[in-house]
Amino acid sequence: MMKKKIGVGVKKIGQRKLIIYLPKNFREECKFNFGDLVKLEVSKGNKKAISISKFHYIISLKKEIISSLNLIEGNIIQITIIKIIPLKKPKKLFNKGKIDLLFLMPDITRKGSEVFMEEIYKNTEPYLRICSFHKRGSGAQTEIRRYIDINLFGRFLGQLQAEGTKGFLDRLEFCNKSLKEHEEYLSFLNHLGIAKNKIISKLDYHEDIKNINQEIKKFEKFLKYKLNYVVPTSKSRGGFGFKIIVRNTLLTEFILGSMDRLRILLANKIWDSNLKLFAEGFFAKILDGDGSLEIITKNRNVPQARLTISDGNLRYLEDYKLIMEKFSFAPKINTKWRYIRSYVNPTQAKNLYDINVFKENANFKKLKFFLDARNKFTNK
């Protein structure tokens with residue numbers, strides 16, 4: 001490992017930008033090439049922070065470093081520069097009953113920026129330090145857990161598939177009225193390694209709602225999160241919705257890219273035990289967000305049930321159809337009204353129950369009613 005240490009002064013360029021200058025004799029001793037990926041271990045007094053950069057005689061200090069060390073122009077800091085060896089990506093998605101997020105990490109962003117990945121450890125747990133580099137500099141670095149429970153990751157991506165905003169490339173956004181859904185979503189962000197101070201909460205509500213303060217209190221008490229923004233609007237169809245937002249372009253590309261990639265994989269590949277476990281979590285949360293269960297009792301001795309998923313994106317519905325068929329449903333797509341629907345038999349209903357579908361919404365009572373009614377009929 002190539003490693004060099006130096007004490008330097010913090011300099012200022014323009015109104016805000018803080019940089020360090022590496023003298024020529026030090027650069028020659030380093031034997032690094034301009035553009036080499038390096039890790040900067042920056043210390044001031046007894047405080048220390050780590051940043052990723054490209055080697056140059058002028059290196060810009062990132063906001064995270066400036067903030068954590070309270071740096072200002074004229075400070076003398078100690079910097080250890082370590083050349084980084086690129087991390088090799090695994091050949092398999094699954095590793096010992098977990099999903100390896102390194103497998104899913106892109107090498108290049110949609111805008112052509114190079115993605116850097118480094119494995120680090122926190123309390124013996126492997127994490128990935130990731131950031132992207134472009135011609136003008138680099139994006140914010142993020143540290144996320146490398147190995148994730150298969151079903152848990154499926155449920156997380158299923159939540160985003162159903163209730164996540166897909167059009168933004170700079171932020172990960174989840175919108176729902178259910179506090180239980182937000183609790184589960186926040187729990188996963190925490191498990192992934194996203195710091196609480198990186199999470200933004202927002203409430204959009206119709207301006208005609210008079211008791212919105214009650215909803216704010218419920219949110220803050222139940223989730224123990226202070227709402228950052230409360231925004232009245234005339235465009236919310238008379239209702240309201242809470243949003244959880246993480247502003248990070250690379251993380252957003254990675255998560256939404258993984259969602260698309262794994263949804264397509266589920267639709268088109270034969271499932272092994274790992275993919276089935278992921279599919280159960282993913283499908284359960286799609287149904288929680290965009291699904292509904294209809295119980296038909298009129299003119300029938302025993303009730304019938306129909307499962308419907310609504311989505312304006314026809315490509316998603318086509319993938320859902322293939323996934324549902326692997327769960328033994330016989331779904332049909334309505335292209336005019338953009339939904340997919342299938343009748344549900346008792347075996348399929350029991351499977352839905354077993355994978356915890358509809359646990360937090362009104363459809364769960366319908367599912368229970370259908371199962372109980374069919375069991376009574378069978379036992380007559």
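Along each principal axis of its Cα atoms, how long is the stretch 224-275 end to end? Whole angstroms, biggest number first, please.
47, 26, 23
At 222 nm, what helix-only mean residue ellipticity would the chain give, in deg cm²/dmol to the nearest 500, using -39500 (n - 2.57) for each DSSP H run of four or more?
Only helices count here, giving -11000 deg cm²/dmol.
With a sphere of radius 13 Å drawn around the Cβ of Asn33, what net charge do the other residues whose Cβ falls strictly inside it have (Lys, Arg +1; Asp, Glu -1)?
In short, +2.
Could you give the size of the charge dipole of the stretch 270-378 about its Cα centre, using +1 on the Cβ of each K and R and -1 on the Cβ of each D and E, expressed in debye and rounded to the nearest 20?
The dipole of the stretch 270-378 has a size of about 520 debye.
Excluding Met2 itself, calculate the net charge of residues whose Cβ lies under 10 Å from the Cβ of Met2, where each Lys or Arg counts +1 and each Asp or Glu counts -1.
In short, +3.
Which Cα, out of Asn351, Ile77, Phe34, lies furthest along the positive dipole direction of the chain (beta carbon charges, K/R +1, D/E -1)?
Of the options given, the answer is Ile77.
Please give every one of the aspartates and glutamates within straight-line cross-link reach of Lys359, meaning a C-alpha to C-alpha distance under 17 Å, and leave out same-chain neighbours fewer than 8 residues apart.
Lys359 reaches Glu163, Glu181, Glu183, Glu184, Glu280, Asp288, Asp290, Glu294, Asp372.
On alpha carbon coordinates alone, what is the Rg over Rh value for the stretch 3-83, Rh being the Kirkwood radius?
My calculation of the ratio gives 0.93.
Bins of 10 Å, beginning at zero and ending with the bin holding the largest distance: percent of Cα pairs per bin for the chain, please.
Over the chain, the share of Cα pairs per 10 Å bin runs 4, 19, 25, 22, 15, 8, 4, 1, 0, 0 percent.
What nm distance separates the two modelled labels at Ile108 and Arg237, each placed 7 Å from Cα along Cα→Cβ?
In this crude spin-label approximation the distance works out to 4.0 nm.
Simple spin-label model, 7 Å along Cα-to-Cβ: Glu360 to Ser67 in nm?
2.7 nm
Give me the net charge of Leu102's neighbourhood, meaning all other residues with Cβ under 12 Å from the Cβ of Leu102; Lys, Arg count +1, Asp, Glu -1.
Surrounding charge for Leu102 is +4.
Provide the gained length on full extension for the span Ser273 to Asp260, in nm with one decimal, where the gain is 0.36 nm per separating residue minus the Cα-Cα distance.
Net length gain for the segment: 2.7 nm.
Could you pull the Rg and Dmax for the stretch 271-344, using just the Cα atoms, both in Å?
Gyration radius and largest Cα-Cα distance of the stretch 271-344: 13.2, 43 Å.
Can you give the convex hull volume of the alpha carbon atoms of the stretch 177-307 per residue, in Å³?
Normalising the Cα hull of the stretch 177-307 by residue number yields 193 Å³.
Would you work out the charge dipole size for the chain about its Cα centre, treating the Cβ of every Lys and Arg as +1 and the Cβ of every Asp and Glu as -1, and quote it to the nearest 20 debye?
280 debye
Only four residue types carry charge here, +1 at the Cβ of Lys and Arg and -1 at the Cβ of Asp and Glu. Report the dipole size of the stretch 94-148 about the Cα centre in Debye, rounded to the nearest 20.
Here the stretch 94-148 has a charge dipole of around 180 debye.
Where in the chain are the DSSP H helices whose C-alpha atoms run 24 Å or more along the long axis and whose mean Kyte hydropathy is at least -1.0?
Helix filter hits for the chain: 249-268, 273-290.
None of the figures in this text is laboratory data; all of them are computed from the coordinates on show. Values in this document were obtained by computation on a predicted structure and should not be read as measured data. So basically every Cβ, Gly included, is an ideal-geometry build from the backbone, and we count neighbours across all protein chains shown.
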